[in-house]
Amino acid sequence: MTAVMDDAMRHYVRIHMTQYASKGSREDVGPEMVDYLIRLRDEVREMEGGGGMCGIVTEELHDLFGWDRLAVSYLSPSGELITSGHFVSLLSDGTIVDPTADQFGEGRNVVVLSPGDQGYGRYRPEFYQDFHPGTHPDVLSGWAGSWAGEFDVDAEMRLRKERGYGWWVDDPSFLTEYCKRQLELCEARGGTLGYDEYIRANLADLDGRFATACAA
């Protein structure tokens, strides 16, 4: 499944890059740049009171370096929907940079993937009412045979309801650490539109599910 997903995303990115210009390349994302991305991300989260902040961080990177912003959904290795409405940076050589990848709790802080790397297709364009393989068969042909017609936001909500928050991780430690830090940032700002309650619910969900799994 991964190879098919990777091929589909490569095809989409090639077409996308004929319409939207970007700067930068894989060579620009060395250790010093990764450190900078982490600092920038953490500063934005602190200012905003927590949250993944993919939108603001990638917008800042576009303004600073000319890196294209790409709206995507993030998938499990088998192609199931983890989250919709995510933003990453897309460089001129097709490299995907996800500066807020830590929010998925998979132990990866910043993800950098070039078109030939395995897992490239775990990022794919978000499917919604006006944009999916049925409406844009030319650019989304790689998913025409596998998409069942469910919009991404609906799939995300369904899987969360069926399996609970963090269903995609076997080890909850990274996701728990991320949630606790976001709760700290949110509480330091006095709570942000109920975001603190959302994070508490996620932590309770993680604690309950993995405690049950350990007891079994």
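For every residue, the table says whether it meets (1) of a type in the set (A, V, I, L, M); (2) within 26 Å of ASP42 (Cα to Cα).
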| site | (1), (2) |
| --- | --- |
| LEU70 | yes, yes |
| SER76 | no, yes |
| GLY79 | no, no |
| HIS86 | no, yes |
| THR100 | no, yes |
| SER114 | no, yes |
| GLY119 | no, yes |
| TYR128 | no, no |
| ALA155 | yes, no |
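Total residues in segment 33-89 satisfying the condition of being closer than 22 Å to GLU177 by Cβ and in a helix (DSSP H, G or I): the figure is 18. Taking the listed residues TYR198, TYR178, the one that is closer than 17 Å to GLY52 by Cβ, among the hydroxyl-bearing types (Ser, Thr, Tyr), assigned to a helix (DSSP H, G or I) and at pLDDT below 95 is TYR198, with no other qualifying.
In segment 11-45, the residue that is surrounded by the fewest Cβ atoms within 10 Å (Cβ to Cβ) out of those that are of a type in the set (A, V, I, L, M) and without any contact (Cβ under 8 Å) to a residue 24 or more places away in the chain is MET33. Looking at segment 7-29 only, could you name the residues that are farther than 17 Å from LEU61 by Cα and among the hydrophobic types (A, V, I, L, M, F, W, C)? Correct list: ALA8, MET9, VAL13, ILE15, MET17. Could you tell me whether any residue of segment 139-149 is open to solvent by 30 Å² or more (accessible area, probe 1.4 Å) and among the aromatic types (Phe, Trp, Tyr)? Checked segment 139-149: at least one residue is open to solvent by 30 Å² or more (accessible area, probe 1.4 Å) and among the aromatic types (Phe, Trp, Tyr). Here LYS23 meets the list (1) part of a loop (DSSP other than H, G, I, E, B); (2) under 15 Å from LEU91 (Cβ atoms); (3) touching a Lys or Arg at 6+ places or on another chain (Cβ under 8 Å) almost entirely, failing just condition (3).
The set of residues in segment 14-52 being on the phi > 0 side of the Ramachandran plot and modelled with pLDDT of 95 or more consists of GLY24 alone. On inspection, LEU40 fails the criterion of being closer than 24 Å to TRP147 by Cα, touching a helix residue (DSSP H, G or I) at 6+ places or on another chain (Cβ under 9 Å) and among the aliphatic types (A, V, I, L, M). Counting only residues that are touching a Gly at 6+ places or on another chain (Cβ under 7 Å) and surrounded by 19 or more Cβ atoms within 10 Å (Cβ to Cβ), segment 60-93 holds 3 of them. If you go through segment 154-202 and keep only what is within 19 Å of TYR74 (Cβ to Cβ) and open to solvent by 70 Å² or more (accessible area, probe 1.4 Å), you end up with ASP154, MET157, ARG158, ARG160, LYS161, GLU162, ARG163, ASP170, ASP171, PHE174, GLU177, TYR198. When segment 94-135 is filtered for residues that are in contact with a strand residue (DSSP E or B) (Cβ under 9 Å, 6 or more places away or on another chain), assigned to a loop (DSSP other than H, G, I, E, B) and open to solvent by 60 Å² or more (accessible area, probe 1.4 Å), only ARG108 remains. Of the residues making up segment 159-192, just one is touching a Leu at 6+ places or on another chain (Cβ under 6 Å) and within 19 Å of MET47 (Cα to Cα), namely CYS179.
The values are calculated or read from the model by the stated rules, or taken from the named source; none is laboratory data. These numbers were taken from a predicted model, which means no experiment stands behind them. Cβ: placed from backbone, ideal geometry, glycine included. Neighbour counts: every protein chain shown. The protein model used for the area step is the full one, side chains on, heavy atoms only, and it has no ligands, DNA or RNA in it. Shrake-Rupley method; radii C 1.70, N 1.55, O 1.52, S 1.80 Å.
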